[in-house]
Amino acid sequence: MPKIISIHSFRGGTGKSNMTANIASSLALHGKRVGIVDTDIQSPGIHVLFGMDEENMTRALNDYLWGECLIEDTAYIVTPPPVKEAGGTIYLIPSSIKPGEIARVLREGYDVARLIDGIRQLVDRLKLDYLLIDTHPGLNEETLLSITISDALVVILRPDNQDYQGTAVTVELARQLEVPKMFLLVNKVPAAFDREQVREKVAKTYNAQVAGVIQLTDEVVRLASGGVFCLLYPDHPVAKQIRGIADLIVA
Amino acid sequence: MPASTRDDLAALVKATKAAASPFRTYLNQLHQRFASVKDGKPADYIPELARANPDLFGISVVTTDGKTFNAGDTAQTFTIQSISKPFVYGLALEKHGRDFVNTKVGVEPTGDAFNSLIRLDEKSKRPHNPMINAGAIATAGLIHGADSTDRLKQMLEMFRKYINHEPQVDVSVFVSEKTTGHRNRAIGHLMLNFGMIDPNVDETLDLYFQQCSILVTSQDLAMIAATLANKGINPVSGERAIEARYVRDILSVMHTCGMYDYSGNWAYSVGLPAKSGVGGGIIAVVPGKLGIGIFSPPLDERGNSVRGIKVCQALVEDLGLHIFDCEAKASELMPV
C-alpha cells in the first residue's frame with residue numbers, strides 16, 4: 001500500500017494543489033490519517049484550500065528546514081467537517097507565505113536532504129496512513145528527491161502541447177528513479193474535448209497509466225480554490241471521479 | 001537522446017537516489033553518535049600531524065555502483081600516510097608480477113607496531129609484509145623509473161585512477177618526514193646492508209616519504225576502497241586502477257596486516273580488509289558492495305583512528321558486513 005505520494009506537474013497552473021487537496025480529502029473520507037506537505041516553497045498555495053492564511057500560520061515547513069523546530073511542530077490539523085465526521089484526519093505542513101521567508105529560501109537555499117528526513121519522520125511520528133507531497137512545478141532537487149522517496153507519483157497535465165513536452169521529461173526521470181507506481185492525470189480538459197480520445201493519446205504518448213481525465217467545469221472555476229471541491233460538491237461527477245482516482249492510486 | 005544527456009541524466013538520478021537513501025540519514029546519525037568520542041590524540045612524531053584539529057571527523061561511503069554518501073568533514077584534506085602502502089604494493093605487482101614481488105616482500109603478519117625496526121627476515125632477505133614500514137620501503141623500491149621524478153609520476157598516476165582527480169603531495173609534511181625520518185632511514189639502510197633493496201635507497205626513501213604525504217579526503221578514501229570493492233575499477237569514472245588479478249593480493253595483506261598490531265583483533269571483530277594511517281584515515285572494503293573511508297585524527301596507542309575503528313565496528317554490526325558472518329541478514333539500510 002503506497003504511503004508517500006508525490007503530486008507533480010511540469011508546468012504551473014495545472015491544478016496540482018487543488019487536486020492534491022481533493023485526493024487527500026477523498027482518502028481521509030475513508031477514516032484515514034492523511035498528511036499533506038507543501039514543498040512548493042517558492043510559491044506556496046495549498047493552505048488556502050483549507051482556509052489557512054498568514055494570520056493563523058505561526059509555523060511553517062521553513063522553520064523546520066532552518067533547523068528551528070521539529071517537523072511535527074509545523075503540522076496543522078485542518079480536517080474539514082465532512083472528513084471529521086467520517087473519522088479521518090488531515091494534517092497540513094504549509095510553506096511560509098511571508099515574503100521575507102520566501103526570499104530567504106531563494107537567497108540561501110536549504111539542505112534538501114533535511115526535507116527528505118522530515119518527510120520520513122512525519123509518516124512515523126504522526127502515524128500517517130498516507131502522506132501527499134505537493135511539489136513545486138518543474139524539476140528541481142527537492143522534486144526529484146520527493147519523487148525518489150515516493151511509493152507513487154501522480155503527474156498532472158493539461159491537454160496542451162507545452163504540458164505534453166514537459167511531462168515527457170518528468171516521466172522519463174521518474175522511470176529512471178524507479179518510482180514504484182506512476183499515474184498521469186489530465187486536468188482542466190475543455191468540455192468540447194472527447195475525454196476518451198485524450199486518455200488514449202496520453203496513455204500512448206507516455207506508455208503510462210492514465211488515472212483520469214477531468215473536465216474543466218463551471219463549479220470548479222467558480223469555487224476558485226475557496227474550498228475542497230470534493231467535499232463541497234460530493235455528488236458532482238467530478239467529485240466522484242476524483243474519489244475513484246484516489247482509490248486507484250492507493251490500491 | 002545524445003550520450004552526454006544520458007550521462008548527465010544518469011548522474012542526476014544516481015545523486016538523487018543517494019540523497020534520498022535512508023543510508024544517508026543513518027550515516028549522519030552515526031557521525032553524530034561518535035562525534036562526542038574524545039579519546040586518543042593525533043600523531044605527534046612530526047609537528048604537522050600534531051597540529052591536526054582533533055574535532056575534524058568525516059565518514060564517506062562509495063558503493064560499487066558509484067553512489068556517494070558523506071557525513072561530516074568529508075572534504076577536509078589530510079595525508080594518506082600508511083594507507084598508501086597497499087596501493088604501491090599493487091603497483092609493484094603490476095610492474096613485476098606476483099612471483100617476483102613475493103621474493104622481495106612477504107605476506108606474513110608480524111603482530112608488531114607500525115614502526116617496528118628489528119623484524120627483518122635475514123634468511124629470506126625480505127621484510128615480513130608490505131604493510132609495515134620496512135615492507136613498504138622495500139615495495140617503494142620496486143617502483144623503478146628513469147629518475148626520481150618519473151618514479152613519483154608513476155605513483156601519482158596510479159593514485160589518480162583510484163581517487164579520480166590529480167593527487168597532491170603535502171610538501172611541508174614530506175619535508176618534515178624526510179628530515180626527521182631517522183627510523184625509516186635506518187630501516188632502509190639496514191635492508192640495503194642485507195641486500196634486500198636496490199642501492200638507490202635515499203631516492204626510494206624520498207619516494208616513500210612522498211607517497212605518505214599525498215593529500216586525500218575521506219571521500220577519496222571511500223573511492224579508493226570502493227575501487228577495490230569493484231574489482232579494481234573506479235565505480236564513478238569506470239577507469240581501471242589495478243589489474244583485477246591483483247585485487248585479491250592487496251585485500252589479503254590488508255586483511256591480515258592492515259591494522260598494525262591490532263590486525264588479528266580487527267579481522268576477528270570487524271572482519272573487513274582495512275588499512276589505517278597515522279594521519280587519522282581508515283579505509284575498509286566490503287568486496288562487491290562498497291568502500292568506506294573515515295577521517296578522524298585522534299589515534300589510539302596502536303596508531304589507529306579511535307573514531308574510525310568505532311565507525312567501522314558500528315557499520316559492520318548494523319549492516320551485517322563481516323565477511324565471514326553467515327547469519328547476517330540483508331539490511332534494509334544497505335545502499336546497494
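Test residue A:110 against the stated conditions and say whether it is within 14 Å of chain B (Cβ to nearest Cβ) and crowded, with 17+ Cβ neighbours inside 10 Å. I'd like the intermediate steps shown before the answer.
On the way: within 14 Å of chain B (Cβ to nearest Cβ): yes; crowded, with 17+ Cβ neighbours inside 10 Å: yes.
Here the answer is yes, as residue A:110 does meet what is asked.
Which of the residues spanning region B:33-56 are under 16 Å from residue B:313 (Cα atoms) and crowded, with 19+ Cβ neighbours inside 10 Å?
B:34
Scan region B:70-78 and tell me whether some residue there is crowded, with 22+ Cβ neighbours inside 10 Å and within 13 Å of chain A (Cβ to nearest Cβ).
Initially, region B:70-78 is screened for residues crowded, with 22+ Cβ neighbours inside 10 Å, giving B:70-72, B:74, B:78.
Remaining after also requiring within 13 Å of chain A (Cβ to nearest Cβ): B:70-71.
Checked region B:70-78: at least one residue is crowded, with 22+ Cβ neighbours inside 10 Å and within 13 Å of chain A (Cβ to nearest Cβ).
So which residues in region B:133-177 are free of Cβ contacts under 8 Å to residues at least 40 places away in the same chain and either within 25 Å of residue B:257 (Cα to Cα) or among the polar types (S, T, N, Q) (or both), if there are any at all?
B:149, B:160, B:174
Looking at residue B:231 and the list (1) assigned to a helix (DSSP H, G or I); (2) out of contact with any Asp or Glu (no Cβ under 7 Å at 6 or more places or on another chain); (3) surrounded by fewer than 18 Cβ atoms within 10 Å (Cβ to Cβ), which single condition is not satisfied?
Here residue B:231 clears every test but (1).
Within the bounds of region B:23-32, is there any residue that is surrounded by 20 or more Cβ atoms within 10 Å (Cβ to Cβ), within 25 Å of residue B:244 (Cβ to Cβ) and either aromatic (Phe, Trp, Tyr) or within 14 Å of chain A (Cβ to nearest Cβ) (or both)?
no
Counting only residues that are assigned to a strand (DSSP E or B) and crowded, with 23+ Cβ neighbours inside 10 Å, how many does region B:170-222 have?
Residues meeting the conditions: 2.
Among the residues of region A:153-160, is there at least one that is in contact with a Gly (Cβ under 9 Å, 6 or more places away or on another chain), aliphatic (A, V, I, L, M) and either touching a residue at least 12 places away in the same chain (Cβ under 8 Å) or within 14 Å of another protein chain (Cβ to nearest Cβ) (or both)? Walk me through it before giving the result.
The first filter runs over region A:153-160 and keeps only residues in contact with a Gly (Cβ under 9 Å, 6 or more places away or on another chain), leaving A:156-158.
In the following step, the residues that additionally are aliphatic (A, V, I, L, M) were identified as A:156-157.
Now restrict to residues that are either touching a residue at least 12 places away in the same chain (Cβ under 8 Å) or within 14 Å of another protein chain (Cβ to nearest Cβ) (or both): A:156-157.
Yes - at least one qualifying residue is present in region A:153-160.
Confirm whether residue B:53 is at pLDDT below 90 and closer than 23 Å to residue B:171 by Cβ. Can you show your working first?
On the way: at pLDDT below 90: no; closer than 23 Å to residue B:171 by Cβ: yes.
It is false that residue B:53 is at pLDDT below 90 and closer than 23 Å to residue B:171 by Cβ.
For every residue, the table says whether it meets (1) surrounded by fewer than 24 Cβ atoms within 10 Å (Cβ to Cβ); (2) closer than 23 Å to residue B:216 by Cβ; (3) among the aliphatic types (A, V, I, L, M); (4) at pLDDT below 95.
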{"residue": "B:280", "(1), (2), (3), (4)": "no, yes, no, no"}
{"residue": "B:299", "(1), (2), (3), (4)": "no, yes, yes, no"}
{"residue": "B:306", "(1), (2), (3), (4)": "yes, yes, yes, no"}
{"residue": "B:310", "(1), (2), (3), (4)": "yes, yes, no, no"}
{"residue": "B:313", "(1), (2), (3), (4)": "yes, yes, no, no"}
{"residue": "B:328", "(1), (2), (3), (4)": "yes, no, yes, yes"}
{"residue": "B:333", "(1), (2), (3), (4)": "yes, no, yes, yes"}
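Select from region A:174-213 the residues that are surrounded by fewer than 14 Cβ atoms within 10 Å (Cβ to Cβ) and within 14 Å of chain B (Cβ to nearest Cβ) and list them in ascending order.
Listed by number, the residues that qualify are A:178, A:180.
Which one is farthest from residue A:104 (Cα to Cα) among residues in region A:63-77 that are touching a residue at least 24 places away in the same chain (Cβ under 8 Å) and buried (at least 21 other Cβ atoms within 10 Å of the Cβ)?
A:75
The values are calculated or read from the model by the stated rules, or taken from the named source; none is laboratory data. Given the structure is predicted, the values throughout are model-derived calculations rather than measurements. Neighbour counts are summed over all protein chains in view; Cβ atoms, including those assigned to glycine, are modelled from backbone coordinates with ideal geometry.
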